[in-house]
Amino acid sequence: MAQTNGHNGHAAAEIKDRLVIPAEGFAPPPAIEQPNIFPLEWPVATESLVALYEKAKLQAWNPSDLPWNQLDPAQFTPEQRLGIMYWYAVLAVFDGSGPAVFSRAMIQSYEVHAEDPIRKCFFTVVRDEINHEECCQRVIAKMVPNGPLRFEPRTDLERAALNNLGWLYHNGGRYWRGFSKSIDKYPLSVLFTSFLLGEVAASTLFHGMSQRTSSPVFKQIFTKVGQDESRHLAICLKMLENDWPGLGQEYKDLITKQLRAGFVFLSMILWEPPNLFWDLPPYFLANHRVLIDYARQGGLGVLTYDEQAANWRLAIAKVRKVVEQWGIKFPAIPELDLDGVDVGNITAADIIPVF
């Protein structure tokens, strides 16, 4: 053993002798132009975010493990199959954009050198959103092959569904362009404010749908997705609570407007779209209601109009209580008869947060 240690010590000395030490000292490397993911470091300031990252690993699930063989399209009428496909295609406007939105946000968190657990938590949200998107994809393929946009419509109802979805994805494209232009302009705490609003409403909504659906597959989907949304909410809350105390009034005013924008955008899946932002033909809403009614009739577990409105009011009350602690005013939501700050009209340029 002593012989081995001596040999290693001799070898280490030889290695050290090969060092090049300039007489004038080492040249400092150039400063790294920012924003940049370098230099790589792993700072931790918020231990609770570390715990949420660990929790995400323990709660990981695989959509392939769900009992898809129990979801038999023959159990539904053609109208119900179309309605269920339509509801999931509407959901995909949000869940389908989720992986790209949060991937961009994760890169941004590296570029601004956010603490390590924030970056890792964003990674878990990307993974979750991929799962949610896959569930949309699988249900749509089961209900309407080549859905949502590539099936051949043969009835008026199918033509109405296809047209509505084309308009919805047109609007999703408008949102994505707006988000892409905004990601470098605002702090993450501003961008993610209406994500908070959406997570509160979505976690409650999916819990309600899991209790109401008659399908074991849909029940498992809603339960798993709701679990993810609750964790996303905890991540978002902790991140915002860390950042909100240092925000100036200009950003606080912007957050107020983004909360209104979040309600307007998310109401497409969580309720019904207000006559703001959404570029839709006059017949859209009537046909939307018919298709959603067929999905409800098929046992998907969709809440009624009034139940969805009550869900929104509950979510807004929770978020309002949180943001007002930090001196952030809440916007008026006239569609729900809720008082607050009037932020004016919401246009495509105002839809900049993450959903």
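Residue check: Ala56 meets all listed conditions (1) in contact with a Ser or Thr (Cβ under 8 Å, 6 or more places away or on another chain); (2) under 23 Å from Arg289 (Cα atoms); (3) not β-branched (Val, Ile, Thr) but one, namely (2).
The criterion of being crowded, with 21+ Cβ neighbours inside 10 Å and either part of a loop (DSSP other than H, G, I, E, B) or out of contact with any strand residue (DSSP E or B) (no Cβ under 7 Å at 6 or more places or on another chain) (or both) holds for Leu300.
Of everything listed in (1) of a type in the set (Asp, Glu); (2) surrounded by 20 or more Cβ atoms within 10 Å (Cβ to Cβ); (3) at pLDDT 95 or above, the single unmet condition for Glu115 is (2).
Scanning segment 224-232 for residues that are buried (at least 20 other Cβ atoms within 10 Å of the Cβ), modelled with pLDDT of 95 or more and either more than 24 Å from Ala105 (Cα to Cα) or among the aliphatic types (A, V, I, L, M) (or both) turns up at least one hit. Pairs meeting the criteria (first residue in segment 129-158 and crowded, with 19+ Cβ neighbours inside 10 Å, second residue in a loop (DSSP other than H, G, I, E, B) and not aliphatic (A, V, I, L, M), beta carbons under 7 Å, at least 6 apart or on different chains) are Asn131/Trp61; Glu133/Gly96; Cys136/Gly96; Ile140/Gly147; Ile140/Pro148; Val144/Phe151. Restricted to segment 118-157, and to residues there that are basic (Lys, Arg) and assigned to a helix (DSSP H, G or I), the residue that is nearest to Asn62 (Cα to Cα) is Arg127.
Are any residues in segment 164-177 modelled with pLDDT under 85 and surrounded by fewer than 19 Cβ atoms within 10 Å (Cβ to Cβ), and if so, which ones? Scanning segment 164-177 gives Arg174, Trp176, Arg177.
Checking each residue in segment 210-221 for being assigned to a helix (DSSP H, G or I), touching a Leu at 6+ places or on another chain (Cβ under 9 Å) and surrounded by fewer than 21 Cβ atoms within 10 Å (Cβ to Cβ) picks out Arg212, Pro216, Val217, Gln220.
Contact map, segment 257-281: residues that are crowded, with 20+ Cβ neighbours inside 10 Å paired with residues that are assigned to a helix (DSSP H, G or I) and aromatic (Phe, Trp, Tyr), Cβ distance under 6 Å, separation 6+ or inter-chain. Pairs shown: Ile269/Phe94; Trp271/Trp312. When restricted to residues that are under 15 Å from the mean Cα position of the chain (by Cα) and either of a type in the set (Gly, Ala, Ser) or over 23 Å from Ile32 (Cβ atoms) (or both), segment 86-122 contains 16.
Looking at segment 84-99, can you tell me whether even one residue there is of a type in the set (D, E, K, R) and surrounded by fewer than 21 Cβ atoms within 10 Å (Cβ to Cβ)? Checking segment 84-99: not a single residue is of a type in the set (D, E, K, R) and surrounded by fewer than 21 Cβ atoms within 10 Å (Cβ to Cβ). The residue list Leu162, Leu205 contains one member that is part of a helix (DSSP H, G or I) and within 22 Å of Ser267 (Cβ to Cβ), which is Leu205. In segment 220-233, the residues that are touching a residue at least 60 places away in the same chain (Cβ under 8 Å) form Cβ pairs under 7 Å with partners that are part of a helix (DSSP H, G or I) and of a type in the set (Phe, Trp, Tyr), at six or more places apart or across chains, as follows: Phe222/Phe206; Val225/Phe206.
The values are calculated or read from the model by the stated rules, or taken from the named source; none is laboratory data. All values derive from a computational prediction rather than experimental measurement. For neighbour counting, all protein chains shown are included, and Cβ atoms are generated from backbone atoms with ideal geometry for every residue, glycine included.
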